[in-house]
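Taken together, the values in this text are just the output of simple stated rules run on the coordinates, not laboratory data. The structure presented is a predicted model; accordingly, all values stated were derived computationally and were not measured. A quick note on method: Cβ atoms are made from the backbone with ideal geometry, for glycine too, and the neighbour counts reach across all protein chains shown.
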Amino acid sequence: MLQKDKDLKVCFAASSGGHLQQLMMMKPLMDKYDSFIVTEKTDFAADTKGIPVHYLAQINRKEWEFPFLLIKNIFCSLRVLHREKPDVVVTTGVLAVIPMCLFMKLAWKTVIFVESFANVNKGTLTGKLMYRFADRFYIQWEDLQEIYPKAEYIGGIY
């Protein structure tokens with residue numbers, strides 16, 4: 001069995017669905033470090049493969065409850081960060097996890113963003129925001145280098 005690196009605590013954060021599925025492709029990294037997952041609470045059970053998980057409210061910026069759920073997620077993110085004390089956050093987005101990433105950056109912690117595999121030639125709204133402050137920004141399609149010139153192309157994580 002691989003021994004975990006206990007010196008580095010990593011938060012893997014993503015919204016539910018495809019973003020979480022992409023994040024779970026990084027399971028070997030989760031196993032290597034002291035890790036936990038932050039995702040949205042939905043009616044569907046997420047298979048986090050034994051990794052501890054914390055839940056945020058699922059939000060959609062086009063719904064009327066958006067501001068209230070965002071505020072709820074801000075407080076939930078603060079609670080998780082206080083409890084877990086991660087050194088790094090790795091995220092595939094989207095909106096629900098942005099407060100967590102911002103708090104990590106304010107705490108001088110490392111923020112790593114992986115742009116969505118689903119966007120072949122245009123950036124996501126979350127990606128365009130995160131590009132401004134992520135310490136590392138990875139893209140899965142070479143065409144995105146035009147939109148994110150400082151990003152590192154890593155190929156698909158699938």
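Pairs are defined by a Cβ separation below 8 Å, a sequence spacing of at least 6 or placement on different chains, a first member in the stretch 104-121 that is among the hydroxyl-bearing types (Ser, Thr, Tyr), and a second member that is buried (at least 18 other Cβ atoms within 10 Å of the Cβ) and in a helix (DSSP H, G or I); the pairs so defined are 110/104; 116/19; 116/22; 116/127. Scan the stretch 84-126 for residues that are more than 19 Å from residue 145 (Cα to Cα), out of contact with any strand residue (DSSP E or B) (no Cβ under 8 Å at 6 or more places or on another chain) and surrounded by fewer than 16 Cβ atoms within 10 Å (Cβ to Cβ) and jot them down. Result: 106, 107, 108. Would you check if residue 60 is surrounded by 14 or more Cβ atoms within 10 Å (Cβ to Cβ) and not hydrophobic (A, V, I, L, M, F, W, C)? No; evaluated as a whole, the condition is false for this residue.
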